[in-house]
Amino acid sequence: MDKYSALPKQGVETPALARRISTLLYSKVKLRLTLLLAAPLTWLVLVYIAALLALLVTALYSVDSYTSQIQTQLTFKNVLKVLTGQVYQTVALRTLGIALLVTIVDTLIALPIAFYMAKIASPRLQRLLVIAVLMPLWASYLVKAYAWRSVLSNEGIMQWLLRPLGLDTPGYGITATIITLGYLWLPYVILPIYAGLERVPNSLLEASGDLGAKTSTTLRLVMLPMLVPAIIAGSIFSFSLTMGDYITVNIVGGANQMLGNLVATNVGNNLPLAAAIALIPVLIMFGYLTAVRKTGALENL
Amino acid sequence: MAGNSAPIAAIELVGVSKSFGAVTAVQNLDLVINDGEFFSMLGPSGSGKTTVLRIIAGFEPATSGTVLLAGQDVTSKAPFDRDVNTVFQDYALFPHMTVLENVAYGLRVRGIGKSERNLQALEALRMVRLEGFEDRKPSELSGGQRQRVALARAVVVKPKVLLLDEPLGALDLKLREQMQIELKELQRKLGITFIFVTHDQEEALTLSDRVAVFNQGRIEQIGTPRQLYERPESEFVARFVGTSNIFSESEAASLLAQPEACSVRPEKIEMRPSSQSQKDASVLPGKIIESIYIGSATRLIIEIDGGKKISVLRQASAGSETNFDRGQQVFIEIRNADLVPIKK
């Protein structure tokens, strides 16, 4: 008797076809990769790149002013209108300004929070804080925006808190928009900075102090330069999300409009014009991403 | 002259303790490190040696006790207010700065002008034989080169004491031996106190003027390498520094006719052809159960009657060489003078 005959026959019963396919996939690297990426790549090309191209092409169409039909003859009329029109320039600059301010405010708030999380808090508290930072993302965007609307209202908590100090709630307007957007995007700014800080070994900070640097000098000469990529990574989120927003400004912005509002109001009656307006944030973001690519920030996302 | 004043110690720790939560890392430690000496803190990981170094550097506040630096109380001072510098285990070079900027960093934060600090940094780089590397980034250097940059960066600010936290741990054997020699040379040239943390007993013995052996947050023994090796005072030191045969109190009484527990080094034990008893020595019969050839010597494990295993080191010598094989019956001779009593 064969002494192995008592053992189950492993492998022998595997269907020959499955085994042949496995062998084929194992040896053909390119085939394997193609099969793996086919579905997601198709999705990406269709949904993302094709949609972006459609946007670009639509911006070059026009609308017949009598019939309201879209005419597919290519023209730069809408693009020129958006680039030279007073209204569009004003709103574009306002949107850019709000996006910059939201980014600056978020970065300034995120830096100490992320520093505390990464370098001071105990491992247990650190985990709790990460959850606490992520928690607001579970709530609906609309709910949070409306919550701020009530906080900032004339009879709201803000008013109640500030009145004893002789101050008033900012009310609805650009300030309220910046506060609300800053709140909404803060987790997206804290997390990359936190991750970046985690990657700075404590020994570097100790070495700096050991060599005679005061804490402020250590932050300026060691911490900040090493954090630049992480800060830029966070700013990409707050900046691009603000550039595309139109709901928050509707809810707490008073009469102010951002680029998103112009797109939203034109989508119904003049789609080509809406597409042309939508190209502005796309171009600004493209420029920003190109500029920061060199800093290595994109590896931090 | 009566009352000759002792020189001021470079470092003095008085009753220093350190706890992390419920864990006591350092227990009521007293330690005096002399000016200009190469002092090693040796011990297994978790023995508290690195914690003591970090307390001296100021990275960890002591839970209780006093730290004196050149006679001055620095217990509550921040690292940047202490005249000591550290070479870190992971080197801790600033990755966004060039080698020259790294070395010049300590001078830069002291407000020394660019041309002057670069001059001094270049001088320090020359001392660690790294001229020509000043424009590279740390990521473009090998482990040994990073080590030298870390050394240059620490000594360029001319500290009174240099703290080294297992600085050679990440290097391979050949490089480590070379760096040991360079460290020793550097210390002689600078004439400053080096405090060196290591778990490698050979490294500690090779480099140091004095060694403190740490175990469980306490110092087991302080002494010159010779004292530690020749006269280990505890079983822990006898085992941790080199190899030792340990005889418990009862074994010492029955086998060696000694009143207390003691240890003996493997190379001090002689092989004898017969049981003929020697003056002031014990001769024990046994059997070779393992013979390990290690080039310059042969390590024998001999089981003496009663079952105790004894390690014996036979140095290879000029001329004919006796062979020892497994299973062979032998006699070992242990001289009373080579026995070191173990104080518990």
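The values are calculated or read from the model by the stated rules, or taken from the named source; none is laboratory data. Small disclaimer: the values here were computed from a predicted structure and weren't measured. Cβ coordinates were reconstructed from backbone atoms using ideal geometry, including for glycine residues, and neighbour counts include every protein chain displayed. Just so you know, the surface numbers come from the protein's heavy atoms only, side chains and all, with ligands and any DNA or RNA stripped out. Shrake-Rupley method; radii C 1.70, N 1.55, O 1.52, S 1.80 Å.
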For A:T175, tell me the accessible area in Å² from a 1.4 Å probe, rounded to the nearest 10.
80 Å²
Considering only Cα-Cα distances, which of the following residue pairs are longer than 32 Å: B:K18/B:K160; B:K18/B:K308; A:K119/B:K184; A:K214/B:K49?
B:K18/B:K308; A:K119/B:K184
Radius of gyration and Dmax for segment A:1-151's Cα atoms, expressed in Å?
29.5, 95
Reported to two decimal places, what Rg/Rh ratio describes segment A:193-301 when computed on Cα atoms with Rh from the Kirkwood expression?
1.20
From the alpha carbon gyration tensor of segment B:87-211, can you work out the equivalent ellipsoid semi-axes (sqrt of 5 times each eigenvalue) and give them in Å, largest to smallest?
24, 16, 12
With 20 Å bins from 0: P(r) over chain A, alpha-carbon pairs, percent:
23, 44, 25, 8, 1
Is the C-alpha gyration tensor of the protein assembly as shown telling us rounded, prolate or oblate? Criteria: a/c under 1.5 is rounded; beyond that, a/b larger than b/c is prolate, otherwise oblate.
prolate
Segment A:213-229 versus segment B:8-34: alpha-carbon centroid distance in Å:
31 Å
Would you mind working out the accessible area per residue for segment A:77-300, using a 1.4 Å probe, and quoting it in Å²?
49 Å²
Please compute the contact order of segment A:56-206 in relative form: average sequence separation of alpha-carbon pairs under 8 Å and at least six residues apart, divided by the residue count, as a percent.
25 percent
Viscosity 1.002 mPa s, 20 °C: Kirkwood-radius Stokes-Einstein D of chain B over Cα pairs, µm²/s
94 µm²/s
Sequence of B:K268, A:K144 when ordered by accessible area, the most exposed leading, probe 1.4 angstrom:
B:K268, A:K144
Which residue, A:Y141, A:Y188, A:Y66, tops the fluctuation ranking in a GNM of chain A built on C-alpha contacts under 10 Å?
A:Y66
Quick one: what are the phi-derived ³J(HN,Hα) couplings along segment A:72-82, Karplus 6.51/-1.76/1.60 with θ = phi - 60°, whole Hz, x for glycine and proline?
8, 6, 6, 8, 8, 4, 5, 4, 5, 4, 5
So for segment A:77-300, averaging the separation of alpha carbon pairs under 8 Å that are six or more residues apart and normalising by length, what relative contact order in percent results?
29 percent
A:R127: accessible area at probe 1.4 Å, nearest 10 Å²?
150 Å²
Mind telling me which of B:D209, B:D35, B:D305 comes out most flexible in a GNM of chain B, alpha-carbon contacts under 10 Å?
B:D305
Counting only protein chains, not ligands or nucleic acids, how are A:W185, A:W160 ordered by accessible area (probe 1.4 Å), most first?
A:W160, A:W185
Based on the Kirkwood radius over alpha-carbon pairs, what value in µm²/s does the Stokes-Einstein equation return for the translational diffusion coefficient of segment B:185-292 at 37 °C and 0.692 mPa s?
199 µm²/s
Enter the mean number of other protein chain beta carbons within 10 Å of the beta carbon of each residue in B:73-80, as an integer.
3
On a 1.4 Å probe surface of the protein chains, which of B:E260, B:E37 comes out largest in accessible area, and what is the full order?
B:E260, B:E37
For chain B, averaging the sequence separation of alpha carbon pairs under 8 Å that lie six or more residues apart and dividing by its residue count, the contact order in percent is 16 percent
Using only the alpha carbons of segment B:41-101, what is the convex hull's orientation-averaged projected area in square nanometres?
5.7 nm²
Between chains A and B, the summed loss of accessible surface on complex formation, probed at 1.4 Å and reported to the nearest 100 square angstrom, is 1700 Å²
How big is the accessible area of B:E220 in square angstrom, nearest 10, if you roll a 1.4 angstrom probe over the protein chains?
60 Å²
Could you work out [θ]222 nm for chain B from helices alone, using -39500 (n - 2.57) per DSSP H run of at least four and dividing by all its residues? Round to the nearest 500 deg cm²/dmol.
-8000 deg cm²/dmol
Using a 10 angstrom cutoff on alpha carbons, build the Gaussian network for chain B and name the most mobile of B:S40, B:S248, B:S274.
B:S274
Whether segment B:243-307 is rounded, prolate or oblate, judged on the alpha carbon gyration tensor where a/c under 1.5 counts as rounded:
prolate
